[in-house]
Amino acid sequence: MTDPHKTIVVTGVGVVSPYGIGLDRLQTGMLSGKCCLERTKDDVYPGFEGMTAKIRELPPLAEDLNARYSRTDQLAVMATQDAIANSDNSTFRESGIVMASTLGGLTEIDAGIAKDPAAWYRRPGGLLRAASYPFGHVADAVGEHFKICGPRCGISVACASGAVAIGLAANMLLEGAAPMMLAGGSDPLCPFTLSGFSALRALDPDPCTPFDQNRKGLNLGEGAAVLVLETLAAAEARDAKVLAVLHGWGITNDAFHPTAPQEEGSGLADCIGISMEMAKVSGDDIGYVNAHGTGTPLNDRAEANAYESAFRGRKRPIPVSSTKSYFGHCLGAAGALEAAITIMAIRSGALLPTLRLTNPIDSPGVEWLRGEVRRQPLPLAMSASSGFGGTNTVLIFGSGRA
Amino acid sequence: MTSSLPPVAITGIGSVSPYGPLAGTIPQNPIEPATLTNWKGNGERRAFLVPAFRAAEVVPGLKTRRLDRLSVWALVASSLALRDAGIDLNQVDRSRVAVVFATAFGCVELTEAFYLSAAANGWSGTDPITFPETLASAPASHVSMFHGLRGPNITVSNKYFAGESAMMQAAIMLRQRQADVGIVLAGDAVSRSMYSWYEEAGLLSQACYNSDPASEAEGFIPGEGVAALVMEPSEHIHARPDRRSYAVINSGRWAAGGQGAKIIREMLGGSVPSLTICSGNGAPCATSSTSALVREIGGDNPVILPQAFAQGLAGTGALFHLIAALSNRPVSGQAIFLATARDNGFAALLLELP
């Protein structure tokens, strides 16, 4: 018998993506096969030419808030607004917040700050803009905007940040740290990261092709996603609609290299094992994996190896796709956005293919989803995230009530 | 945190601070701020700075080339804490060791360096080596890599309670049996842009510019360093009677607002702590709103005030305040480790001191 006090459920999902605000717009766009990656030139910074997925229509916050909030903060606030609205939730002010970002307020700062910081701060709004720099500011921005008084925690664990935030929030619910948690991640496009990944030669100049043998790298996108998490007991007590159950989660580290994954994907495979053990499920029970799938040569090979290892003994190959092929890699938001997409897949019974995947990595234990959207019942699905510094996070979601 | 889960013991301490690299507790002698010498500017500026040291002399085999100071300090502090705890990692399942790092500003020195490369060469000419090391999570990643730790590895931040929230995240992972050992680290490095921000915002003490002690009335002096704690479930300690426990964490809560006093009273279950250890963010217990809460909760029992050198570490000074208190605690028994914020936020950990 499942203990409703120890069962974590999702009662709200908020999304801001290049498709617009809301899970519905994301779902409509992705199911139609629309790719949001666009070729830009001199857009994010002079001299950059390549693919990005940008949020074109972002309604402004009140003027005073724009002055205090970075674009990262704004995306997080909007995703939270969406999550609260669709969770039919009037009790969120006691919630805890775990909000992830790799960028924080770097969007508000330019290179001039390093040459003469004092002069930079004396520019109009300089002090205020720089105040949003710490990545922990995003959790505070959300908390202050909605006057939420529970525990707040900022998270930065490279590209797994958004998924880590969800796992830690679930931990906090199990410990009774708050009656409800708002957890997710936010990261916008920014010269800092685009320049950095470009310098690392990690960007595909064309739309990325995750898990293809001819993959050349990643594209960057922007967005935010926030889940409303609570125990099943709490959700039932307020008669909330349960969108999904978070059955298991795990966090591991490769302890291998600052930027490269362990070649065999052992850290991710361990992470999958830990999360399946927590969920009390086997590899045969998982119907779909929303992969990290950046499109970089090293990540995708290691990730395929991880699936081979973790799902060894499964009766049929594990269906896997990378939805970064639709709107790029949103860094600290990616894990949260992909959690939302995984929940969307469970609820709609629609498994999204990887776009532009024509010549998949040879991996017999994996069924690379490509071509048409696959329609099938999906009781259990997994979202996998990894990042620089060797971090891995896996979330296992299930449909309906536990 | 609920009380139905096993309590967590602090079994090792390590630090890199203005006192230098140390295993175990820190000295009680007050320390003077040092003069900043590596930035051009008008007049003298002072901060509580970590003195230069050779990391490989403290931790044999440690290679720190290309790492920023924060990562080096995290590596050294974690090594010293493990040494202090008497943990031989060869005898431990390293996939069951978690690393939780708290930082307000992350790798701000390398972020400045990356910006400087952009200023000099344009965004198309930035340094690829520096970029990954600008991530706030880089120090924690280096700790996992150096020690071969494959358990959870996270980096957290919180405006007022970064250190406390890191301790609680680690305690939760231990209580939930997601790890057997937790290494909690917290710290920041003083950088030019950070110092200038405090300066322009008018937050600094006049003692930053003047060595006259009488000038310390308002503001704070920036500080730097990394503190590390090794945390283990108490039941592990009971099985190894030779192991020292500095303190046992029985429960903890933090929030951005609300009814702190009520929640802390619930944590205490009607008892009065024999000691209150104040953390703080530039607001000493004796002069802030914390004092009323301290009196309400602790009565006339002893109070340990925050350490001056760690006051300027934003939200990450908490571990230093705790280590300093554990270095010279006047009593044993139940203690509350307490911090408050201007907006009624609080963090409180209920400790049992042996």
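Brief remarks follow.
- Any hit, region A:220-238, residues being surrounded by 24 or more Cβ atoms within 10 Å (Cβ to Cβ) and assigned to a loop (DSSP other than H, G, I, E, B): yes
- Count of residues meeting criterion [in a strand (DSSP E or B) and under 30 Å from residue A:116 (Cβ atoms)] in region B:23-70: 5
- Identity of the residue in region A:73-120, in a helix (DSSP H, G or I) and of a type in the set (Ser, Thr, Tyr), that ends up nearest to residue A:152 (Cα to Cα): A:80
Here's the yes/no breakdown for (1) within 30 Å of residue A:47 (Cβ to Cβ); (2) within 14 Å of chain B (Cβ to nearest Cβ); (3) at pLDDT 95 or above:
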| position | (1), (2), (3) |
| --- | --- |
| A:162 | yes, yes, yes |
| A:169 | no, yes, yes |
| A:192 | yes, yes, yes |
| A:196 | yes, yes, yes |
| A:230 | no, no, yes |
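- All strands (runs of 3 or more DSSP E) inside region B:164-278 with 3 or more residues being modelled with pLDDT of 95 or more, within 14 Å of chain A (Cβ to nearest Cβ) and on the phi < 0 side of the Ramachandran plot: B:181-188
- From the list B:153, B:121, B:158, the lone residue that is of a type outside the set (Gly, Ala, Ser) and within 17 Å of residue B:98 (Cα to Cα) is B:153.
- Among the residues of region A:121-139, those identified as more than 7 Å from chain B (Cβ to nearest Cβ) and part of a loop (DSSP other than H, G, I, E, B) are A:123, A:124, A:125, A:132, A:133.
- Test: residue in region A:63-73 that is out of contact with any Phe, Trp or Tyr (no Cβ under 8 Å at 6 or more places or on another chain), within 14 Å of chain B (Cβ to nearest Cβ), at pLDDT 90 or above and surrounded by fewer than 19 Cβ atoms within 10 Å (Cβ to Cβ): no
- Number of positions in region A:140-160 that are facing chain B (nearest Cβ under 7 Å) and either within 27 Å of residue B:99 (Cβ to Cβ) or of a type in the set (Asp, Glu) (or both): 11
- Number of positions in region A:242-260 that are touching a Ser or Thr at 6+ places or on another chain (Cβ under 7 Å) and modelled with pLDDT under 95: 1
- Some residue of region B:145-160 being facing chain A (nearest Cβ under 7 Å), part of a helix (DSSP H, G or I) and either surrounded by 19 or more Cβ atoms within 10 Å (Cβ to Cβ) or of a type in the set (Asp, Glu) (or both): yes
- Test: residue in region A:91-107 that is of a type in the set (Asp, Glu) and either more than 10 Å from chain B (Cβ to nearest Cβ) or within 19 Å of the chain's Cα centre (by Cα) (or both): no
- With respect to the stated conditions, residue A:156 is buried (at least 24 other Cβ atoms within 10 Å of the Cβ), in contact with a strand residue (DSSP E or B) (Cβ under 9 Å, 6 or more places away or on another chain), at pLDDT 95 or above and under 30 Å from residue A:250 (Cα atoms).
- The number of residues in region B:19-37 that are closer than 17 Å to residue B:55 by Cα and touching a Pro at 6+ places or on another chain (Cβ under 7 Å) comes to 2.
- Failed item, numbered, when residue A:118 is tested on (1) over 21 Å from residue A:224 (Cβ atoms); (2) surrounded by 22 or more Cβ atoms within 10 Å (Cβ to Cβ): (2)
- For residue A:173, the conditions (1) touching a residue at least 40 places away in the same chain (Cβ under 8 Å); (2) assigned to a helix (DSSP H, G or I); (3) surrounded by fewer than 24 Cβ atoms within 10 Å (Cβ to Cβ); (4) aliphatic (A, V, I, L, M) all hold with the exception of (3).
- Residue in region B:331-345 that is among the acidic types (Asp, Glu) and under 21 Å from residue B:250 (Cα atoms) present: no
The values are calculated or read from the model by the stated rules, or taken from the named source; none is laboratory data. Everything numeric here is computed off the predicted structure, so don't read it as measured data. All Cβ positions, even for glycine, are placed from backbone atoms using ideal geometry, and neighbour counts span all protein chains on display.
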